[in-house]
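One structure below.
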Amino acid sequence: MDGLNGSIQAGATTAARRAGWYARNNPWVSAAVQSLAANAVGAGIKPRSRHPDAKVRDTLHALWDRWTDRADAAGLTDFYGLQALAFRAMVESGESFARLRVAEDVSPLPLAIDLLDREQVPMDLHRDIGAGARIRAGIEFDGSGRRVAYHCYANRPGDALAPLSLDTVRLWP
């Protein structure tokens, strides 16, 4: 065995693809994944303010409720739907990626969440980039070993409607 990380990376893509296939095509596995998501996330994990002033608390809750409807950068679901999708992706493929996006044109609630497919982060991208910095499995580390960026494909590989490109985009966490 070369090392634990090398062994994990060697089989990670195959294991994730198989798990995803079973979650989509085996009714028992699909029901188990759905049950896990329903029990872990339910209708959504909802924070509640404990601010001592009731008026401020009500204002915060109203802003939160407005934001949750617009939280998805793709506009397909709300914040609670994103939680369920992220959890389901974590169960199916072992991980889930979310990117926080700030839209300059949306004045009161500019923050949105963009879920990335696991396959958008190339597990086979390894490169030394100088000064001790390196990219391992699509994750960029600085000379101190801290994560500083992710390298992702612009579109999900295999998406028939997206342009074919193996170029990566550097995303900051």
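When the residues of the stretch 88-113 are narrowed to those that are surrounded by 12 or more Cβ atoms within 10 Å (Cβ to Cβ) and small (Gly, Ala, Ser), which ends up farthest from Ala16 (Cα to Cα)?
Ranking the candidates gives Ala103 first.
Residues of the stretch 39-62 being assigned to a helix (DSSP H, G or I) and surrounded by fewer than 13 Cβ atoms within 10 Å (Cβ to Cβ), which ones? Full working, then the answer.
Initially, the stretch 39-62 is screened for residues assigned to a helix (DSSP H, G or I), giving 39-40, 54-62.
Those that are assigned to a helix (DSSP H, G or I) and surrounded by fewer than 13 Cβ atoms within 10 Å (Cβ to Cβ): Asn39, Ala54, Lys55, Val56, Asp58, Ala62.
Hey, can you tell me all the residues within the stretch 141-173 that are of a type in the set (A, V, I, L, M), outside any strand (DSSP E or B) and closer than 19 Å to Glu95 by Cα? Working first, answer last.
Let us first name the residues in the stretch 141-173 that are of a type in the set (A, V, I, L, M), namely 148-149, 154, 160-162, 164, 166, 169, 171.
Narrowing the set further to residues that are outside any strand (DSSP E or B) leaves 154, 160-162, 164, 166.
Answer for the stretch 141-173, where residues must be of a type in the set (A, V, I, L, M), outside any strand (DSSP E or B) and closer than 19 Å to Glu95 by Cα: just Ala154.
With respect to Ala84, determine if the residue is under 19 Å from the mean Cα position of the chain (by Cα) and hydrophobic (A, V, I, L, M, F, W, C).
Details: under 19 Å from the mean Cα position of the chain (by Cα): yes; hydrophobic (A, V, I, L, M, F, W, C): yes.
Answer is yes for this residue.
Please identify the pairs in which a residue from the stretch 10-29 that is over 15 Å from Arg88 (Cβ atoms) has its Cβ atom under 9 Å from the Cβ atom of a residue that is loosely packed, with under 12 Cβ neighbours inside 10 Å, counting only partners at least 6 apart or on another chain.
Ala10/Asp2; Thr13/Asp124
Spot the failing condition for Ala84; the list is (1) among the small types (Gly, Ala, Ser); (2) without any contact (Cβ under 8 Å) to a residue 40 or more places away in the chain; (3) not in a strand (DSSP E or B), and only one is missed.
(2)
Out of the stretch 89-120, which residues are under 13 Å from the mean Cα position of the chain (by Cα) and assigned to a loop (DSSP other than H, G, I, E, B)? Let's see the steps before the verdict.
Pass one, the stretch 89-120, residues under 13 Å from the mean Cα position of the chain (by Cα): 89-101, 112-120.
Listed by number, the residues that qualify are Gly94, Glu95, Ser96, Asp117.
The numbers here are math on the coordinates, done by the rules we state, and not lab data. Since the structure is predicted, the reported quantities are computational estimates derived from the model, not experimental observations. Positions of Cβ are backbone-derived with ideal geometry, glycine not excepted, and every protein chain shown enters the neighbour counts.
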